[in-house]
Amino acid sequence: MDTSEIASDAKPETVVVPMSKPLLQRLVPYLLIAPTLILVFTFTIWPVTQTIQASMHEPGRATRDDAGRRVPGEPTFVGVDNYTALFDSTHFLGRRFPRVLTNTIFFTTATVVVGLPLALGFALLINRPMRGLGLWRFGFFYTVLLPLIGAANIWAFMFANTTGVINTVLGAFGISGQDWLGNPQLVIFSLVLVNIWKQTGFFMIFYLAALQNTPRDIYEAAELDGGGYFTTLYYLTLPLLRRTSLFLVIVSSTYAFQTVEQLEALNRGQPADRGNLLLYFIFQNLGSSSNMGYVNAMTVILIGLLLVFTVSNFIVFEGRSEDE
Amino acid sequence: MRYIVRLIALGIVAALLAVVPATMSQDDDVVINFYWASAVEGDLPGIFADYAAQFEAENPGVTINPVYTGTYTQTRDTILAEGDSPLVDVAIMLATDMYTFIDDSYIIPLNSFIDEMEDGEAWFDDFFPAFWANSIDPAGNVWSVSFQRSTPIMFYNADLFAEEGIEVPTNNEELIAAAQALHTSDRDGLQIPVAGNFPIWMFQSFANAYGAPLTDGDPTQVTFNAPETLEALEFLTRIGMSVEDGGFGVGPMGGSAWGETPSAFVAGQAAMIYHTIGSLTNILQSADFEVGLSFLPSGPAGEDGTGYGSPTGGGNLYIFDDGSKSEAELQAAWDWVVFLSSAEIQSDWGAATGYIASRISSWEIEPLLSLTEEFPQYAVARDQLDFAYEEFTAYRSVEIQNIINFELSNVISGSVSLDEAASVLENAQAQIDGLLEEFN
């Protein structure tokens, strides 16, 4: 049947032009998003814009006029000089920054690559009926409840070179202890260990919730088809957990980039920046007005890294999701 | 709608109630915002509240508003973050921050206040001269007044020394000999806390003792590449290196951590340690052996024991003014500085915290007088001041200290070998000279 005929034979409908909505009604959507917009602008867009602008300036030095009044210095535009200085090995920050950047990327990657599979493993382990289930779940989760600075202090006590628990236990077995936070080759691994210990329970809860929301009938069907545990895990569970994993990769990497407290309590970035991370390094260089151009440049790099990390994860995970 | 109008009206009234008393107190009183930082524990807010009450009773019309601003670093960052006209009037800041605040015109010189004092000269002379070194610029301007000062000192396990029949070392050779004699598989002979992010303080004592102070009164000059500096660094690094690797084998490789060092000492896991005098009270309370204190052993500089190299440390009182403060406000700020640095308060503060009281006369009055009679160890740091050097300070102090701390950590931790140490110091010197170029 030719539908165009019906269309041409049909009586033309009267087009009713709606009267313009009252002003208030038209404004409602804007009013509703206004608080969020104001907050996002005030606490995100405006500071980021200011930071980017300051990263391209050299701060001016304040002086005093004849009456003794303080006259703030005028910043000078320097383009990308503050950025290039950070990678110039003859510059006082350029000698250190690349190492700190490498540490941060390693720390973040290690936390994600080791921490998330561990969290998934724990979730799979306790997502089944077993004796003392509540105790197991609490055992895996309690590290999340500890304040970060408190947890770091516990580890400072564990890692202590001469009086620490780990070296004392090792010594009891005749094994010589290690300088966990003072050895340049070991320190970054010690920091990764503490971070994984602290965060894994938190990530586990998300995996556990996702596992408990997966439909049972799919698993029953897989069982009927003769799928073994690992086959089911690989072909069913992991794809079903993809969205959760995307969320956790972004959250865990963001947390890793933001690590400050545990460095303050454990090693303060030492020795020789082998145990230093980007945000803590920025914090360490705050104490001078003259440094603010570099500090802002480092902050922009940190924000950029986080953006790249987040967007690339979206592309990888979402792209694979659409393929299937 | 009526409800919303009522709510807004209530909010306005509440805001007025909050603002009006503050405005009234501003009309009546001069309010001094006093930012304080400290590196020791105790009921310090309570003590400052008492001091403020005492001062306010003696100075009607002045209100002291003590604000705890965290560590020295946090206090400095807070003031810088407050922008061009910070709220602070008086602050306790590191003695080493002087040129940072001079350079950005935050603080004011105090000479005119001292000149107007009836007994200004006697007042000035009653402070230990070593402490003034970090307060006065080469032109003679006084920028700060000592409040809570410290110095590194050597703590030793006196019982162990008596058991082994070893004399307390007075120079570096004796120090290593004693450390090697007392070093066992479960006890370090000597721990020096240079593993943290602040090795520069302890290192200064070696650089000074080797005859190459990092700074010498001129804030535009810093020396980090002298042959003596390298010798001092090699000596300090070898303390933690094994004998097989050419070290003395008497302490942890890379030095000990700051907070761990007193714990290791009181636990009997270190026979001798270098630490701040501020740790004395805690160590005396925790150790179950007799705690001995001595000057840091001397190095090759000078002769007959004159190569002592201990720097001073701790915090001074600064007055902040962007030029907008009234004479009454500045006078009240100065009066508060004079009050806090009085012999009575210094005696009390020193006894309460373990900091070295800055006034000579404060050691002759209570409570410090009784304390030093009961624990003569407190007086050792005071007596060491006769040989003390200024603490590191220069223009671009924060950046230069970061450079020096980083390179010291590189060498001491073994990240860079001793063979490469000379070039590391040269590179660092080039960076430092670059930063100071604009001041020369």
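Can you run phi through the Karplus equation (6.51, -1.76, 1.60; θ = phi - 60°) for the stretch A:218-223 and list ³J(HN,Hα) in whole Hz, with x for Gly and Pro?
Per residue, the Karplus-derived 3J(HN,Hα) values read 5, 5, 5, 5, 4, 5 Hz.
Scan around B:Ile32 for amide H atoms under 5 Å from its own, H built in the peptide plane at 1.01 Å from N, and keep only partners 5 or more places away or cross-chain.
B:Thr63, B:Ile64, B:Asn65
State the Cα centre-to-centre distance between the stretch B:215-284 and the stretch B:41-93 in whole Å.
Their Cα centres are 33 Å away from one another.
At what distance in nm do the modelled label points of A:Thr232 and A:Arg64 sit from each other, each positioned 7 Å from its Cα along Cα→Cβ?
About 7.9 nm separates the two model spin labels.
Can you tell me how the stretch B:242-313 classifies by the Cα gyration tensor, rounded, prolate or oblate, using a/c under 1.5 as the rounded cut?
It is oblate, given that a/c is not under 1.5 and a/b is not larger than b/c.
Just check chain B against the gyration tensor rule for me: Cα atoms, a ≥ b ≥ c as the square roots of the eigenvalues, rounded for a/c under 1.5, and otherwise prolate or oblate depending on whether a/b exceeds b/c.
prolate
Measuring with a 1.4 Å probe in the full set of protein chains, what accessible area per residue, in whole Å², belongs to the protein assembly as shown?
Value for the protein assembly as shown: 47 Å² per residue.
Is the stretch B:91-158 rounded, prolate or oblate when judged by the Cα gyration tensor, a ≥ b ≥ c being the square roots of its eigenvalues, rounded requiring a/c under 1.5 and prolate requiring a/b larger than b/c?
oblate
Largest first and to the nearest Å, give the Cα extent of the protein assembly as shown along each principal axis.
Ordered largest first, the protein assembly as shown gives principal extents of 117, 72, 50 Å.
Size of the dipole of the stretch A:96-284 about the Cα centre, Lys and Arg at +1 and Asp and Glu at -1 on the beta carbon, nothing else charged, in debye to 20?
Dipole of the stretch A:96-284, to the nearest 20 debye: 200 debye.
Could you work out how much longer the chain between B:Glu121 and B:Glu373 gets when fully extended? Use 0.36 nm per residue separation minus the Cα distance between them, nm to one decimal.
On the way: separation 252, 0.36 × 252 = 90.72 nm, distance 2.96 nm.
Stretched out fully, the B:Glu121 to B:Glu373 stretch lengthens by 87.8 nm.
Counting only helical runs of four or more DSSP H residues, what would the 222 nm mean residue ellipticity of chain B come to if each run contributes -39,500 (n - 2.57) and the total is spread over all its residues?
-13500 deg cm²/dmol
So what J values fall out for the stretch B:51-66 if you push phi through Karplus, 6.51 cos²θ - 1.76 cosθ + 1.60 with θ = phi - 60°, rounded to Hz, Gly and Pro as x?
Per-residue couplings from phi come out as 4, 4, 4, 4, 5, 5, 5, 7, 10, x, x, 10, 10, 9, 10, x Hz.
Quote the Stokes-Einstein diffusion coefficient, in whole µm² s⁻¹, for the stretch A:96-284, based on the Kirkwood radius over alpha carbon pairs, a temperature of 37 °C and a viscosity of 0.692 mPa s. Walk me through the intermediate numbers first.
Values: Rh = 18.3 Å.
Using the Kirkwood radius from Cα pairs, D works out to 179 µm²/s.
Chain pair B, A: how much accessible area is buried, both chains summed, with a 1.4 Å probe, in Å² to 100? Walk me through the numbers on the way to the answer.
On the way: alone 19060 and 20310 Å², together 36180 Å².
Buried surface at the B/A interface: approximately 3200 Å².
Cα axis of helix B:200-209 to longest principal axis of chain B: angle in degrees, 0 to 90, nearest 10?
It is inclined by approximately 50 degrees.
Given a Förster distance of 30 angstrom, what is the FRET efficiency for B:Glu56 paired with B:Glu364, based on the Cβ-Cβ distance and rounded to 0.05?
0.65
Could you work out what % of the accessible surface of chain A is carbon and sulfur, using a 1.4 angstrom probe and leaving DNA, RNA and ligands out of the count? Working shown, then result.
Numbers: 12470 of 18670 Å².
Looking at chain A in its full context, I get 67 percent from C and S.
Take the alpha-carbon centre of the stretch A:37-93, take the same for the stretch B:174-191, and report the distance between them in whole Å.
Here the answer is 50 Å between Cα centres.
Alpha carbon centre of the stretch A:279-295 versus the stretch A:135-184: separation in Å?
31
Rounded to the nearest 0.05, what FRET efficiency do B:Glu41 and B:Val142 give with R0 = 51 Å and r taken as the Cβ-Cβ distance? Could you check? Write out the running numbers ahead of the final one.
On the way: r = 31 Å, r/R0 = 0.60.
Efficiency at R0 = 51 Å is approximately 0.95.
What is the magnitude of the charge dipole of the protein assembly as shown about its Cα centre, with +1 placed on the Cβ of each Lys and Arg, -1 on the Cβ of each Asp and Glu, and no other charges, expressed in debye to the nearest 20?
The calculation lands at about 4300 debye.
For B:Phe128, which sequence-distant residues (separation of 5 or more, or a different chain) have an amide H within less than 5 Å of its own amide H, given hydrogens modelled in the peptide plane?
Result for B:Phe128 returns B:Ile360.
At a Förster radius of 51 Å, what calculated FRET efficiency corresponds to the Cβ-Cβ distance of B:Leu87 and B:Glu244, to the nearest 0.05?
It comes to 0.30.
The values are calculated or read from the model by the stated rules, or taken from the named source; none is laboratory data. All figures in this text were calculated on a predicted structure; none of them were measured in a lab. So basically every Cβ, Gly included, is an ideal-geometry build from the backbone, and we count neighbours across all protein chains shown. Ligands, DNA and RNA are excluded from the accessible area calculation, which covers all protein heavy atoms including side chains. Shrake-Rupley method; radii C 1.70, N 1.55, O 1.52, S 1.80 Å.
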